[in-house]
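Undergrad: Please read through the structure below; I'll follow up with questions.
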Amino acid sequence: MDLEKLLIELQSFSPEKQIESLKALKKTATRKQRKLIQQAAEGAGQPWLKNALLDIANSNKLKVTDEVQTSTSDNLFDIEAVRSEAVSVSIGQILHELEPIIGSINVFAEKEITNFSQSRTKYELEKLNEVLETFEDWRKVEQSPIFKKVKVFDEISKEVDRISPKSKVDINIDVPKNLVYVLSPALLRIIISNALRNAVESSNQATIREKHPIIVRGSSTDSSIWFCIIDDGLGLQNNAEVLLKSRHTTKPGNRGLGLAIIDKAVSSMGGQWKLSNSKPHGAELYFEIPKRDLV
């Protein structure tokens, strides 16, 4: 097996071809080859590729844990925790006031505007509801996470099913269906939801080329669970570091809340994330959450 050649080929493949090649490699790799794959993983440039190769290298010894951990607080008077609680309460109060008002506007607009379903008013109300959803996500990530054993594929499927109708391209899930992990299901859904919204918005932009599906890829290692959301859209409009310093936004004119929410959600579970351009087009959001043990 020429691993150097394999790595070069994987870097140039489309997301679907990468998945196909990695699955084939996982089925055929011998014990000796797995050791070579583990060595090659350390030299892989992209985090998802490193973890995908490690997944193959460890495929004969991975175990699913039945451990369940609940959230604990080391310091009840932690300043950051107090601040988060205050933000959460404030956002909750704002939503409590706004939601019935927007609901009434929607009801009256349907009755009073001719051809409401095709109107600009309906479009603007939908955008307003998306803002409310974003604020609800913000409220949730400011609360202390509750950890439990989660069927990861099922949680991701819920968000994909909810967001798919808004996408002009398919959304494919490449996550083991039997993968169970200890994390916050609410925060996982929020991360996936916000990442998919960004991917869909980018993929829906008109281009002269045919776009590939959005890929939600994930698996586990001995120490963490990792995910990568890859789109084939326009990609980042500037250097990632510059964009993240500018209100955590990837697109000029956006509110810049989506990635800020992802940042908070991933951090709350002790994880890390990275945003970069994908190859040959589009962008990818990678994040990983460390394994949790019982206390």
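Taken together, the values in this text are just the output of simple stated rules run on the coordinates, not laboratory data. These figures come from a predicted structure and were not determined experimentally. When we count neighbours, we look across all protein chains shown, and the Cβ atoms used for this are built from the backbone with ideal geometry, even at glycine.
Undergrad: Taking just the C-alpha trace of the range 79-141, give me its Rg and Dmax in Å.
TA: Cα only, the range 79-141: 15.2, 52 Å (Rg, Dmax).
Undergrad: Just tell me which lysines come within less than 23 Å, Cα to Cα, of Lys177; anything on the same chain fewer than 8 places away is out.
TA: Those lysines meeting the cut-off are Lys17, Lys23, Lys26, Lys27, Lys50, Lys61, Lys63, Lys148, Lys149, Lys151, Lys158, Lys291.
Undergrad: What lysines does Lys122 reach when the alpha-carbon gap must be under 22 Å and sequence neighbours fewer than 8 apart in one chain are set aside?
TA: Lys111, Lys166, Lys168
Undergrad: With a point put 7 Å past each Cα toward its Cβ, work out how far Asn106 is from Ile208 in nm, to one decimal.
TA: For Asn106 paired with Ile208, the spin-label model returns 4.1 nm.
Undergrad: How big is the dipole moment of the range 148-290 about its Cα centre under a simple scheme where the beta carbon of each Lys and Arg is +1, that of each Asp and Glu is -1, and everything else is neutral? Debye, nearest 20, please. Walk me through the numbers on the way to the answer.
TA: Details: 20 positive and 15 negative charges, 77 e Å.
Dipole of the range 148-290, to the nearest 20 debye: 360 debye.
Undergrad: Still on this model: How far, in nm, would the chain grow between Asp170 and Lys5 when pulled straight, counting 0.36 nm per residue and subtracting the alpha carbon separation?
TA: Numbers: separation 165, 0.36 × 165 = 59.40 nm, distance 3.00 nm.
Taking 0.36 nm per residue and subtracting the Cα distance, the gain is 56.4 nm.
Undergrad: Using 0.36 nm times the number of residues separating Glu20 and Glu97, minus their current alpha carbon distance, what extension gain do you get?
TA: Numbers: separation 77, 0.36 × 77 = 27.72 nm, distance 4.94 nm.
The Glu20-Glu97 span can extend by a further 22.8 nm.
Undergrad: Still on this structure, please answer the following. Can you tell me the alpha carbon radius of gyration of the range 80-226 divided by the globular rule-of-thumb value 2.2 N^0.38 Å? Intermediate values should be presented prior to the final figure.
TA: Working: Rg = 18.4 Å, N = 147, 2.2 N^0.38 = 14.7 Å.
Relative to the 2.2 N^0.38 Å estimate, the range 80-226 comes out at 1.26.
Undergrad: Would you mind working out the magnitude of the charge dipole of the range 79-141 relative to its Cα centre, with +1 at each Lys and Arg C-beta and -1 at each Asp and Glu C-beta, to the nearest 20 Debye? Write out the running numbers ahead of the final one.
TA: Working: 7 positive and 12 negative charges, 24 e Å.
With only Lys, Arg, Asp and Glu charged at Cβ, the dipole is about 120 debye.
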